[in-house]
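See below for the structure under consideration.
The values are calculated or read from the model by the stated rules, or taken from the named source; none is laboratory data. Being a predicted model, the structure only gives us computed values, none of them experimental. Glycine also receives a Cβ, built like all others from the backbone with ideal geometry; neighbour counts cover every protein chain displayed.
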Amino acid sequence: MKRALLVFFAVISCQITYGQSKAVLDNEKLLEFYQTQKYIDAAQYLKSIYAEDTQDEKEISQLAYANMMAGKLPEAEKNYLKLHDKQPQNLPVLFSLANINLRRGNDEKAKAYYMDILKIDSTNFTVYKQLANLNKGEMNLAKIGYLKKANEINPIDPDVVFDLCELYFKMNFFDKASNILQPALDADSTNLQLLKMKMPISMANKKYDEAIKTGEKLLSYGDSSTFVLNNLGKSYFFILDYKNALKNFLVIESKSMDSEALYYSIGLSYRGLKDYKNAIPYLEKAIQEGISTKIASYYGLLGDSFEGVNKNTEANAAYKKGLQFENNGSLLYNIALVYETKLNDKKNAIDYYEQYLKTINPKEQTKLIGFIKNKIAELKR
């Protein structure tokens with residue numbers, strides 16, 4: 001009996017010890033989760049293995065990474081902050097914290113982590129590039145500074161070169177833009193983004209042959225975008241090659257691209273060829289496109305506002321200005337009404353009421369026609 005009790009307690013003791021032993025991480029299972037991109041499962045698995053308050057840096061690092069990849073950003077940040085407390089100068093940890101805050105929309109916090117990285121590594125290209133992206137606004141001096149620093153570290157990165165060239169171009173620093181663009185193009189001569197940036201810079205420097213060469217190269221690579229065709233057309237125009245200028249502008253028009261600038265360019269090209277017959281309709285279209293379809297109504301509102309302060313002569317002047325852009329019945333009626341009721345000018349009132357009559361649809365507004373005709377008859381008495 002005594003021996004049986006000893007065996008019983010030994011079994012119970014083994015069970016308690018086994019129950020209290022720490023679960024062992026199955027690295028192959030974790031690797032499989034990562035390889036199949038089942039990061040949520042990986043995070044859950046690690047959570048089931050490691051204690052919630054673990055202070056083991058390797059365990060914390062694994063939890064942080066898995067949660068970040070799983071999109072569980074608050075949990076990931078919590079673990080990376082634990083690592084940061086233990087390793088404040090650990091660059092991968094700082095990068096991860098910056099990335100998490102970017103994804104959570106906390107740009108200012110991300111900037112702070114990037115600045116901490118620069119204190120450790122002042123030549124980190126990625127950080128300068130990210131800080132440039134985080135500083136919004138075209139003429140942001142900090143943005144320009146970060147892009148310049150990134151470009152000094154890596155002068156052939158196409159994204160940085162493109163962004164910095166674009167800013168220099170807008171600031172009219174055409175030579176600076178050209179100088180930083182060329183090394184990047186030497187490294188990647190078929191980069192379409194950089195070639196498209198080269199065109200307007202060459203044109204700004206009045207190197208039209210260079211712009212044409214670049215544009216033709218882009219066309220040969222399959223880029224027949226409006227941007228390329230338009231700059232190519234302009235470059236040909238500036239060297240007085242109106243035939244090739246017109247050819248490119250007409251291709252844009254064939255793509256159903258309507259704009260004041262396009263019609264103007266086509267009209268000028270026809271004029272350059274002394275083809276005035278074809279120039280006229282395009283210049284007329286340019287004028288038409290350049291006028292807002294709402295401008296007549298704007299003058300109507302302006303006239304009404306003048307009436308509101310009893311400036312009736314100014315009101316009619318505004319209404320008449322609106323008529324120059326659209327034969328608008330409402331404007332004609334307003335002018336007639338001002339002449340009749342406020343300026344006591346029967347002759348002009350009759351004239352504008354008669355003009356207004358011509359804008360009324362006789363089939364749909366017979367009563368209105370009768371009303372206006374009665375007004376005219378009364379004014380003629």
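Please go through the range 323-352 and give me each residue that is surrounded by 19 or more Cβ atoms within 10 Å (Cβ to Cβ), touching an Asp or Glu at 6+ places or on another chain (Cβ under 8 Å) and of a type outside the set (A, V, I, L, M, F, W, C), ordered by number.
Once the filter is applied, which keeps residues that are surrounded by 19 or more Cβ atoms within 10 Å (Cβ to Cβ), touching an Asp or Glu at 6+ places or on another chain (Cβ under 8 Å) and of a type outside the set (A, V, I, L, M, F, W, C), the range 323-352 yields ASN334, TYR339.
Any residue that is among the basic types (Lys, Arg), assigned to a loop (DSSP other than H, G, I, E, B), under 47 Å from the mean Cα position of the chain (by Cα) and surrounded by fewer than 16 Cβ atoms within 10 Å (Cβ to Cβ) - is there at least one of those in the range 359-373? Walk me through it before giving the result.
Here is the first cut: in the range 359-373, the ones among the basic types (Lys, Arg) are 363, 367, 373.
Still in the list and also assigned to a loop (DSSP other than H, G, I, E, B): 363.
After this cut, where a residue has to be under 47 Å from the mean Cα position of the chain (by Cα) as well, the list is none.
No, the range 359-373 has no match at all.
Tally time: how many residues in the range 56-82 are of a type in the set (Ser, Thr, Tyr) and more than 17 Å from ASN27 (Cβ to Cβ)? Quick ask: steps written out before the conclusion?
First pass over the range 56-82, keeping only residues of a type in the set (Ser, Thr, Tyr): 61, 65, 80.
Keeping just the survivors that are more than 17 Å from ASN27 (Cβ to Cβ) gives 80.
Of the residues in that region, 1 qualify.
Of the residues ASP175, ASP163, ASP186, which single one is part of a helix (DSSP H, G or I), surrounded by fewer than 22 Cβ atoms within 10 Å (Cβ to Cβ) and under 23 Å from the mean Cα position of the chain (by Cα)?
Answer to the selection: ASP163.
Quick one: count up the residues across the range 283-322 that are closer than 16 Å to TYR339 by Cβ, exposed (fewer than 13 other Cβ atoms within 10 Å of the Cβ) and in contact with a Phe, Trp or Tyr (Cβ under 9 Å, 6 or more places away or on another chain).
Residues flagged as closer than 16 Å to TYR339 by Cβ, exposed (fewer than 13 other Cβ atoms within 10 Å of the Cβ) and in contact with a Phe, Trp or Tyr (Cβ under 9 Å, 6 or more places away or on another chain) within the range 283-322 amount to 1.
For residues that are over 26 Å from LEU323 (Cβ atoms) and not acidic (Asp, Glu), tally how many sit in the range 268-312.
The total comes to 11.
So, of the residues in the range 189-231 that are over 17 Å from ALA177 (Cβ atoms) and under 22 Å from the mean Cα position of the chain (by Cα), which turns out to be surrounded by the fewest Cβ atoms within 10 Å (Cβ to Cβ)?
My answer is THR226.
Need the failing condition index for GLU326 against (1) modelled with pLDDT of 90 or more; (2) under 20 Å from GLU307 (Cβ atoms), just the number.
It is condition (1) that GLU326 fails.
When you scan the range 107-122, how many residues do you find that are out of contact with any helix residue (DSSP H, G or I) (no Cβ under 8 Å at 6 or more places or on another chain), surrounded by 13 or more Cβ atoms within 10 Å (Cβ to Cβ) and within 13 Å of ASN90 (Cα to Cα)?
Total meeting the criteria: 0.
Of the residues LEU30, LEU46, LEU83, only one is in contact with an Asp or Glu (Cβ under 7 Å, 6 or more places away or on another chain) and assigned to a helix (DSSP H, G or I); which?
LEU83
Only one of these conditions is not met by ASP85: (1) closer than 29 Å to ASP41 by Cα; (2) among the charged types (D, E, K, R); (3) touching a Pro at 6+ places or on another chain (Cβ under 9 Å). Which number is it?
Failed condition: (3).
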